Amino acid sequence: MGSHPEVVILGAGLAGMTAAYHLRDRDVVVIESRDRVGGRTLSGEHDGYWYNSGAQFVWDARTVAQCRELGLDVLGGEGALSAVFLNGKLAIAPDANRLFMKMPVSWVEKARFALTITRLRRIASRTHGLDAELDARSLADVIGATSDITRDILEMATTSGTGLSTQEVSGAIGLGYAIHLFGGDVNSTLKAVRGGTQQISNAIAEAIDPERLMLECKVESVAASGGGVKVRYRRGEGKPEEVEASICISAMTADAVLETIPDLPEAKREALQSVLPY
Ligand SMILES: Cc1cc2nc3c(=O)[nH]c(=O)nc-3n(C[C@H](O)[C@H](O)[C@H](O)COP(=O)(O)OP(=O)(O)OC[C@H]3O[C@@H](n4cnc5c(N)ncnc54)[C@H](O)[C@@H]3O)c2cc1C
């Protein structure tokens, strides 16, 4: 027999869990295929140190405010060291200028690097919010012609921050990561959540009624039904089950949305296809 909540949220990543938190006073259920919440925020602990395998930083004022409301400890970058690993050597320094001086490369290379960073910082300082023109280009394209060593440093900073190469990430998203070790515009605003970014979703899971969270339930199809939506899902290897709700918020990955909602408007289908694979 199916259930009839007012709202059904699909996916318990940061987006789905944030929606669940804001709607916690309504009749809501969250359906998630994995056995955990957090999606692409996955954090762990080893030997007394915590780490993130997915998203590391938060910076949006609303996210930071939500973390504080949930009782999480939000840490700034003050006192953090910067490092680059180049030519088999690790250079560590307390700030951008001293890191630049300690980089194990020739002065000619340093001059080339400084020219590129200055150019990229100028672009970043002119950018406010998500710049559509930069977003339509890859970060590699925005970096443009530069020396191999400069490209290696920017590649390292970008990959460690975003999990993507400069070819894969857009100029709008990647630029701040590429230059953050060297005084980029996001340098003072990047924050971390103590215990890891997954703590945001874990804290929300604790704040909402556990019966509303359906883990290990894979959504198979979503279709309009009467004035609402019918969601078909499968719990583990079990038989298909259904939830009917007035409102459905889909916060699954793009591939899952394309697979489970066949009658999406064409423009939305194209937009989702354009971000695959990710
Ligand atoms: C290595 C790495 C570093 C990153 N660094 C940062 C960073 O520093 N700062 C930042 O802001 N962002 C960062 N990001 C991006 C950030 O992690 C994502 O943008 C964000 O976590 C996406 O959240 P989401 O809820 O939209 O999607 P997801 O977290 O992907 O959640 C989607 C959920 O839907 C579930 N799902 C999928 N299919 C189904 C189905 N059929 N049925 C039910 N459930 C389903 C998935 O299991 C998942 O839990 C990083 C990402 C990576 C990979």
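Put L86, L164 in order of accessible area, highest first, and with a 1.4 Å probe you get L164, L86. Nearest 0.05, what FRET efficiency do R24 and R98 give at R0 = 41 Å with Cβ-Cβ as r? E(calc), rounded to 0.05, equals 0.30. Derived scalar couplings between HN and Hα for region 87-100 equal 6, x, 10, 9, 10, 10, 8, x, 8, 4, 5, 6, 5, 4 Hz in order, rounded to whole Hz, by the Karplus curve 6.51 cos²θ - 1.76 cosθ + 1.60 (θ = phi - 60°), x for Gly and Pro. Divide the volume of the convex hull around the Cα atoms of the chain by the residue count and you get 157 Å³ per residue.
For S3, the shell of other residues with beta-carbons less than 13 Å away shows a net charge of -2, using +1 for Lys and Arg and -1 for Asp and Glu.
In this view, the solvent-accessible surface of V108, computed with a 1.4 Å probe and all protein chains in place, comes to about 90 Å².
Applying both filters, DSSP loop and at most 13 other Cβ atoms within 10 Å, to the trypsin sites (Lys or Arg not before Pro) of region 20-117 gives R24, R26. Overall shape: oblate for region 47-176, with the ratio a/c of the largest to smallest alpha carbon gyration tensor axis at 1.5 or above and b/c at least equal to a/b.
The count of lysine pairs in the chain with alpha-carbon distances below 21 Å, taking only pairs 8 or more places apart or on different chains, stands at 7. Give the carbon-plus-sulfur fraction of the accessible surface of the chain in %, rounded to a whole number; probe 1.4 Å, heavy atoms of protein chains only. Exposed carbon and sulfur together represent 52 percent of the surface. Spatially, region 202-254 and region 55-125 are offset by 40 Å when compared through their Cα centroids.
Taking every protein chain into account, the accessible area of the chain amounts to 56 square angstrom per residue (probe 1.4 Å).
Taking the helices alone, the chain has a mean residue ellipticity at 222 nm of -10500 deg cm²/dmol, built from -39,500 (n - 2.57) per DSSP H run of at least 4 residues and averaged over all its residues. Electrostatic bookkeeping for A93 treats Lys and Arg as +1 and Asp and Glu as -1; over the other residues with beta carbon under 14 Å from its beta carbon, the sum is +3.
Phi-derived couplings, Karplus 6.51 cos²θ - 1.76 cosθ + 1.60 at θ = phi - 60°, listed residue by residue for region 212-222: 7, 9, 9, 8, 6, 10, 8, 6, 10, 7, 10 Hz, with x used for Gly and Pro. Rolling a 1.4 Å probe across all protein chains gives I249 an accessible area of roughly 60 Å². Taking a Cβ cut-off of under 14 Å around N52, the surrounding Lys, Arg, Asp and Glu residues balance to a net charge of +2, with basic ones at +1 and acidic ones at -1. Counting only residues 5 or more places away or on other chains, whose amide H sits under 5 Å from the amide H of L213 once H atoms are built in the peptide plane? Those qualifying (amide H under 5 Å, at least 5 residues apart or on another chain) are V30.
The values are calculated or read from the model by the stated rules, or taken from the named source; none is laboratory data. Computed from a predicted structure; not experimentally measured. Reconstructed Cβ throughout: ideal geometry from the backbone, glycine too, with neighbour counts over all protein chains shown. Note: accessible area is taken over every heavy atom of the protein model, side chains too, but ligands, DNA and RNA are not part of it. Shrake-Rupley method; radii C 1.70, N 1.55, O 1.52, S 1.80 Å.
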